[in-house]
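Chemist: Take this structure, written in structure tokens, and hold onto it; I'll ask about it next.
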Amino acid sequence: MEPGKKSDNGWKTKLKEGLTWRKELIPIKVIYFLFMGGATGFLPYLTLHMQTLGITVKEIAVIYAFLPIASLLGPPLSGIIADKFGKYKLVVCFNTLLCVVFHVSLLYVPVRPTNSLTFACGPNGHALTWSSCDLCHDLRNSTDLHMVLKNCNFLCETSATEAHLCSSLQSDNSCISFNITEELNINATVLSWRENNTCSHTSSNLTHSEQEFQGLVCPSGCPLECQVTVLEQCQHPDDPSNSPRTFWAYFGLRMISTFFLASAFTMLDATTLAIIKEHKADFGKQRVLATIGTGIVPLITGIILDKHSANIGYTDYMPAFYLGCGLIVIAGLLVTRLQFTVETSSENLMQDLKELVTKVEIDVFLVMVLVLGSNWGFIESYLFVFLRELKAPNYLLGLTLTVGCMVGIPVMFIADKVVEMMGRPAIFVLSFVCYAVRHLGYAYLTDPWLVFPYEMLEVFTYQVMWVAVVTYCPLLAPKGLLATMTGLTGATHYSLGRGVGALFGGYLISNYGLSAAFRIFAYISLAGAALYIFVYYVYLKRKMAEKEKELNAGKKQGNSEEGKPMLACEGFPCYCRSYQET
């Protein structure tokens, strides 16, 4: 019993040490909570916000293809300036301020002009009226339109929710009955007419579920009005709805805002590394509140968005921007109160990269990280779009982040042991397989609430995988190039991988649809797992065993810093689905 008691006391002591916060390190923990929570408060909604501006899926894919350029340029330039002048706090605050200014500016990008069609129906008949006359109006005369009636409302006070559309012929008593909260599909031949500045249609030869009507009336005494979606959009090149001004305005502001956001992320990590070096602390412990922030703030943001949108009658992402940017501003102000010293670096980054990319095992590793990153980037860019198509409320979108992060928090305490027990190659293959399961699950999802079991797999596709990736870097990096290796790995996953996933995913969605895009990415993940298994056993297994043996021998000789093993997240942060743009 006595040995067990001693072991229990030792366990309690270690737990107490792990949970105790040192007073001098509390500010950086709070800054991480505010900054990461604030960023994830609005970043997940940027794709949805683009859609509200009228930006198409193909244009969204193009934007995401170019964003990695801004992500890759910003941090090195900020780092050079910070190292040259030794002004870390000034650079962090400058990047934070401009990140907030340009992200808020996205709210003021003009909405691309759209032309909406309204269906009005009463006892005397019905009419289709456009909000403005476009250049295709006359071309629609005597053509067939497939129309979807949605968001219907009675124009008088009534508790009725059932609407009736009946044939206008007295000899025909056929009617269509539907709930006004549902959508109704109708095919019709339309005849166009203009009156002053109003463009409208009358319709004939209407069909619904093989029922045919020459005309429609609403026999109830309460007129009905619905919004109409038509598949045949105006494609006239001179039509205002095809104007590129909205795209280019958003593209420019998004590139600049991403530049400063990526720089702020990186400089905040650099600042933290300088602080923990002075206080001989662990990097991972400082980021616990960052993980909690990325789980809590998006959920709160989603609830606020739902209430705000319900009050105004349409979806408005303004609260997410202002809440998130407000938290980032507070984080920036707290940075000015930090006290620390920094060292300058004289590393030649281009020379280091040249040495790194000439090694085959490193190239194979980076390609694997790129494919994993493209899977992550595709999900991060389009999962919310998919869930919105399934009519998921905003608080559910935020809850997906909460579930993914909170499940990962306890696992991260044993992640290193899991990696050691299973081996890194097995973790990489498991990550590919779990990505395939997630993609296939999303592809056949019909209820947005069933997304959570697949979000829990993020423990393997993200948290544990990233521990395996970063702790693999010491085995691969040439002597003296560990920091460069971990930085290159992070850039490959978070910047290049995200861009590839968003661009290729946007192409697949625009040509085949969201469900098909998820299935294709599932097949890519399975192919990646099979290919990595082949390359590992044919080429990498013996080589990496030799490197690991050399590294372990070096550790026994005291080569590791201060006699301690390298932190799993040292050199590049362990992110919990942060949706950061780097």
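Values quoted throughout were computed directly from the atomic coordinates according to the rules given, and no laboratory measurement underlies them. All of these numbers come straight from a predicted model, not from anything done at the bench. So basically every Cβ, Gly included, is an ideal-geometry build from the backbone, and we count neighbours across all protein chains shown.
Chemist: So which of Lys417/Lys541; Lys29/Lys89; Lys359/Lys541; Lys29/Lys417; Lys29/Lys307; Lys359/Lys417 end up more than 23 Å apart, counting from Cα to Cα?
Modeler: Table pairs above 23 Å Cα-Cα are Lys29/Lys417; Lys29/Lys307; Lys359/Lys417.
Chemist: With a 10 Å Cβ neighbour count serving as the proxy for reagent exposure, in which order, fewest first, do His201, His308, His49 appear?
Modeler: Taking fewest neighbouring Cβ atoms as first place, the list is His308, His49, His201.
Chemist: For Glu157 and Thr129 in the same chain, what is the full-extension length gain: residue separation times 0.36 nm, less their Cα-Cα distance, in nm?
Modeler: So the extension gain works out to 7.8 nm.
Chemist: How high is the FRET efficiency from Tyr507 to Asp316, r the C-beta distance, R0 25 Å, rounded to 0.05?
Modeler: Efficiency for this residue pair is about 0.25.
Chemist: Hey, quick one: spin label on Lys58, modelled 7 Å out along Cα-Cβ, who in segment 497-521 has an amide N within reach, i.e. under 14 Å?
Modeler: Under 14 Å, as judged by backbone N against the label point of Lys58, lie 506-513 of segment 497-521.
Chemist: In whole Å, how far is the Cα centre of segment 366-409 from that of segment 149-203?
Modeler: Centre-to-centre (Cα) distance: 39 Å.
Chemist: Then there is this: For labels at Lys359 and Lys307 in the simple 7 Å Cα→Cβ model, what's the distance in nm?
Modeler: Once both label points are built, they end up 5.3 nm from each other.
Chemist: Please give, to one decimal in nm, the separation of the simple spin-label points placed at Asp447 and Cys222, each 7 Å out from Cα toward the Cβ.
Modeler: 3.1
Chemist: Test of understanding: what is the full-extension gain from Ile69 to Glu195, defined as 0.36 nm times their sequence separation minus their Cα-Cα distance?
Modeler: 40.3 nm
Chemist: Restricting attention to segment 101-188, which GluC sites (Glu not before Pro) occupy a DSSP loop and are surrounded by at most 15 other Cβ atoms within 10 Å?
Modeler: When the GluC sites (Glu not before Pro) of segment 101-188 are filtered for loop state and at most 15 Cβ neighbours within 10 Å, Glu157, Glu182, Glu183 remain.
Chemist: Assuming R0 = 60 Å, can you tell me the calculated FRET efficiency for the pair Ile414 and Ser204, based on Cβ-Cβ distance, to the nearest 0.05?
Modeler: 0.30
Chemist: Just to confirm the filter: which chymotrypsin sites (Phe, Trp or Tyr not before Pro) across segment 370-469 are DSSP coil and have at most 11 other Cβ within 10 angstrom of their Cβ?
Modeler: Phe413, Tyr444
Chemist: Continuing with this model, one more query. So what's the net charge close to Cys199: Lys and Arg +1, Asp and Glu -1, counting the other residues with Cβ under 12 Å from its Cβ?
Modeler: So the surrounding residues net to -1.
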